[in-house]
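The structure appears below as C-alpha cells.
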Amino acid sequence: GQSHLILEMFHRAFLLGLLGLSAGVDAFSPASLPAHPSIRSASSTGSCQVSMQDPSSAGLSSETPFLLDNMGRAQPPVDNEGRRRVTLGGAVLAAGAVLPKGASAEAVKTPVTFDSIDNDLPCAKVLTGMWQLSGGHGYKPDKTKAIKAMKESVEKGFTTFDLADHYGDAEPITSLFRTKYPELWRESQFYTKWVPMPGPMPREVVERAVDRRLKRMGTEKLDLLQFHWWDYETRDQYLEAMGHMQDMVNEGKIGHLAVTNFDTRNFKASRDAGINLVSNQVQFSLIDQRPLQKMAPYCVDNDLKLLAYGTVCGGFLSDEYVGKAKLSRQDFDTASKGKYYNMIEMWGGWPLFQDLLATLKQIGDKHGVSVTNVATRWAIEQPAVAGAIVGARLGLTDHTDSNLKVFTFQLDDDDKAKIAAVTAKSNDLMKVVGDCGDEYRRRG
C-alpha cells in the first residue's frame with residue numbers, strides 16, 4: 001500500500017545514504033512554574049486558584065480555576081472537547097504536575113516545562129517520538145507494553161507525542177491508549193502527519209486521508225496535522241491539498257495545520273498563499289544547525305514554532321559513544337543510526353564528533369547530567385523551538401527519568417562558548433545538503 005511505499009522511501013533515505021548525496025512564547029524556567037502566576041494553596045475540597053498578574057496576556061480572567069485530582073496533580077480546566085487547552089501568559093501549566101503530599105501549591109516544582117503552538121496547543125519541551133514503532137529499530141513493538149509506557153510517560157509529565165501515518169501502529173495505539181486511559185488521553189497531545197505521494201489533490205482525496213487519521217486515532221479532531229510533500233515542482237498540488245486541510249481546520253476536523261521538512265522558501269510561500277501553518281518539524285541538533293540560518297529567524301519574525309527532531313542523532317549524542325574511536329556493526333542497531341552517521345560524516349567526521357562529545361561530557365559532568373541531556377537542552381533553548389522530539393522504543397526501553405533531567409539546568413555562557421568552539425570547525429551543512437528538508441528531495 002501507499003504507507004508501505006512511503007515507509008520504504010524513508011528507509012532508503014536513512015539506510016542507503018540519501019543524505020550523502022552532498023547534494024510568542026517562552027517556556028517557563030527549568031524546574032519551576034511560570035514566574036508570573038501565583039498559585040494559592042489547595043483547599044480541603046481539592047481545588048486551587050491561579051491568580052494572573054497579567055491575565056490579559058493569556059486571554060484569561062484574573063481568577064482561572066485549577067483543580068487538583070485525587071493524586072494531587074494540578075489540572076487545568078477542560079475545553080468544550082474535554083481536552084485541557086489553557087495557556088498562562090503564553091506558558092502552559094503542565095497537566096499532571098505532581099504536588100508533593102502536604103505541600104502548598106505555591107511550592108510546586110513541575111519538572112516538565114511546556115511551550116505552546118499557535119498560543120493554545122500545549123507542547124512539552126521534550127516530546128515522545130513514535131517513529132520507532134515503524135519497525136527497523138531493533139525491536140518488535142508490543143501494543144500492550146507500548147500503551148503502558150505511554151501511561152508512565154504521561155504520568156511523569158511527558159504528555160506530547162509525535163507520530164505519523166507511516167509510523168507502523170502508532171496511530172491506532174493512541175486510540176487504544178484513549179480506551180484504556182481516557183483521563184490521561186485527555187491530558188495528552190498527539191501530533192500526527194500525512195505524507196502522501198504527489199498527485200492531484202481534490203477534496204475527496206484529502207478528506208479521505210484526514211478521516212483515516214481520525215478513525216485510526218479514535219478521535220473526533222486532530223490536535224496537529226503535519227503535512228509533508230516530496231516535490232516542490234508541483235506546488236499547485238500541495239497548495240490545493242493545504243487549502244482543503246485549512247477548510248477542515250475551520251470545520252473542526254483538524255485543530256492546527258503544520259508541515260514537516262519544508263524548506264524556508266516553500267514554508268513562506270504556503271503562508272503567503274493564505275494557509276495558516278503554525279509549525280514546521282525539521283532536523284535540528286548540535287550537528288545540524290541549518291535552521292538557524294533561515295528557518296528559525298523566519299519563525300521568530302512570524303510567531304511560528306519549530307519541532308526539532310534528530311536532536312540526539314539517533315543515540316550517537318550520548319555517553320555511550322564518548323571516546324569510542326571506531327564503530328562496529330552493532331552500533332547500527334536502528335534504522336536511524338545510518339542516517340545520522342552520514343550526517344556526522346558530512347558535518348565534520350567522527351574525530352571532530354569525538355571532540356564534541358568530550359565537550360558535552362565535560363558540561364554534563366558540571367551540571368550532573370548526561371551528554372544526551374546537554375544535547376537536548378541545547379536544542380530546546382534555540383529560537384522558535386517549541387520542543388525537541390526524542391524517539392522512544394516504547395515498551396522496550398524507558399528514558400523518561402533521564403529526560404526529566406533536561407529541566408534541571410540551563411546552559412550558561414561558558415557552556416555555549418565551549419560548544420561553539422567545536423561546532424565552528426564543522427562544515428556548513430546548508431552548503432552541503434541544502435535548507436531544511438532538502439535531504440529528502442533530489443537537488444537540481
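What to note about this one:
- Label zone at Leu411, where the point sits 7 Å out along the Cα-to-Cβ direction: region 261-289 residues whose backbone N lies under 18 Å: 282-289
- Taken over region 249-301, the convex hull of the Cα atoms encloses 85 Å³ per residue.
- For region 208-269, carbon and sulfur atoms together expose 45% of the accessible surface, with a 1.4 angstrom probe and every protein chain in place.
- If the chain linking Glu204 and Phe332 were pulled fully straight, counting 0.36 nm for each residue of separation and taking away their Cα-Cα distance, it would gain 41.9 nm.
- Loop-resident sites, region 310-381, for trypsin sites (Lys or Arg not before Pro), counting at most 12 other Cβ within 10 Å (DSSP): Lys326
- Once backbone amide H atoms are built at 1.01 Å from N, Val126 has Ala388 as its partners under 5 Å, excluding neighbours fewer than 5 places away on the same chain.
- Difference of contour (0.36 nm per residue) and Cα-Cα distance, Glu381 to Leu292: 30.8 nm
- Set of lysines near Lys143 by C-alpha distance (under 26 Å), chain-local residues within fewer than 8 positions excluded: Lys125, Lys151, Lys156, Lys180, Lys193, Lys215, Lys221, Lys337
- Built amide H within the under 5 Å cut-off of Tyr309, gap 5+: Val282, Gln283, Phe284, Ile389
- Using R0 = 30 Å, the C-beta based FRET efficiency linking Asp319 and Lys151 works out to 0.60.
- Rounded accessible area per residue of region 175-307, 1.4 Å, Å²: 37
- Residue list for region 191-230, given a label point 7 angstrom along the Cα-to-Cβ vector of Lys143 and an amide N cut-off under 18 Å: 212-219
- Estimated FRET transfer efficiency when R0 is 30 angstrom, pair Ala273-Lys431 (beta carbons, to 0.05): 0.55
- Separation of alpha-carbon centers, region 381-444 and region 262-337, rounded to whole Å: 7
- DSSP-loop chymotrypsin sites (Phe, Trp or Tyr not before Pro) across region 243-301, with at most 14 other Cβ within 10 angstrom: none
- Packing-based ranking, highest mean first, of 345-354, 382-391 given that Cβ atoms within 10 Å are counted: 382-391, 345-354
- Between Gln362 and Glu183, the contour length at 0.36 nm per residue exceeds the Cα-Cα span by 60.3 nm.
- In region 226-337, the C-alpha radius of gyration followed by the widest Cα-Cα span (Dmax) gives 17.5, 55 angstrom.
The values are calculated or read from the model by the stated rules, or taken from the named source; none is laboratory data. Keep in mind it's a predicted model, so treat the numbers as computed, not measured. FYI the Cβ positions are ideal-geometry reconstructions off the backbone, even for glycines, and counts take in every protein chain you see. Surface areas here come from the heavy atoms of the whole protein model, side chains and all, with no ligands, DNA or RNA. Shrake-Rupley method; radii C 1.70, N 1.55, O 1.52, S 1.80 Å.
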